[in-house]
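Worksheet: the structure to be examined is printed underneath.
The values are calculated or read from the model by the stated rules, or taken from the named source; none is laboratory data. Since the structure is predicted, the reported quantities are computational estimates derived from the model, not experimental observations. All Cβ positions, even for glycine, are placed from backbone atoms using ideal geometry, and neighbour counts span all protein chains on display. To get the accessible areas, we keep the full protein, side chains included, count just its heavy atoms, and leave off ligands, DNA and RNA. Shrake-Rupley method; radii C 1.70, N 1.55, O 1.52, S 1.80 Å.
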Amino acid sequence: MVGPADRAASTGIRFGTFLIAPNALYPRHVHGAEELYLIIAGSGRWSYDGEPYVRHGPGEFAHSRSWQPHAIRTGDEALLMAWIWMGDISLNSYRMEADLPDPERPAS
Ligand SMILES: [Fe+2]
């Protein structure tokens, strides 16, 4: 909704909404931007730096630092949130880190 190529143009932030289906995994990823999620409805669990997942529910924030690996899992309900990227908002820095182990999927 807000960003360098969006309707509300900004070179300083990116902002949008994000809906994740129930029982889904948004795999571990990193980016140069600092990221803040505000949970609007439902709940999800965040893992930072490969640590165990921590639940966040409506009205709560989840925050990742610049270049901090993070992943999101949903349970039996969908997760609706607003997100904002601050700092280095270039999409060039975004990458998935699927090769890193997930704390809920032991290495085989
Ligand atoms: Fe992220």
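Summary table below
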item: Within the stretch 1-17, considering residues that are modelled with pLDDT of 90 or more and either of a type outside the set (K, R) or not in a strand (DSSP E or B) (or both), the one farthest from A78 (Cα to Cα); result: F15
item: Answer from A41, A5 - the residue that is open to solvent by 60 Å² or more (accessible area, probe 1.4 Å), small (G, A, S), more than 23 Å from E104 (Cα to Cα) and away from the ligand (no atom under 16 Å from the Cβ); result: A5
item: Tally, over the stretch 18-34, of residues that are among the β-branched types (V, I, T) and either at pLDDT 95 or above or more than 10 Å from the ligand (Cβ to nearest atom) (or both); result: 1
item: The stretch 64-91: number of residues that are open to solvent by 80 Å² or more (accessible area, probe 1.4 Å) and either in contact (Cβ under 8 Å) with a residue 60 or more places away in the chain or closer than 19 Å to P27 by Cβ (or both); result: 3
item: Residues that are part of a loop (DSSP other than H, G, I, E, B), touching a Lys or Arg at 6+ places or on another chain (Cβ under 7 Å) and small (G, A, S), drawn from the stretch 35-62; result: S43
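Residues are listed down the side, and each one gets a yes or a no for (1) over 16 Å from E104 (Cβ atoms); (2) out of contact with any Asp or Glu (no Cβ under 9 Å at 6 or more places or on another chain):
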residue: A9; (1), (2): yes, yes
residue: G12; (1), (2): yes, yes
residue: F15; (1), (2): yes, no
residue: F18; (1), (2): yes, yes
residue: A24; (1), (2): no, yes
residue: Y53; (1), (2): no, no
residue: H63; (1), (2): yes, no
residue: H70; (1), (2): no, no
residue: L80; (1), (2): yes, yes
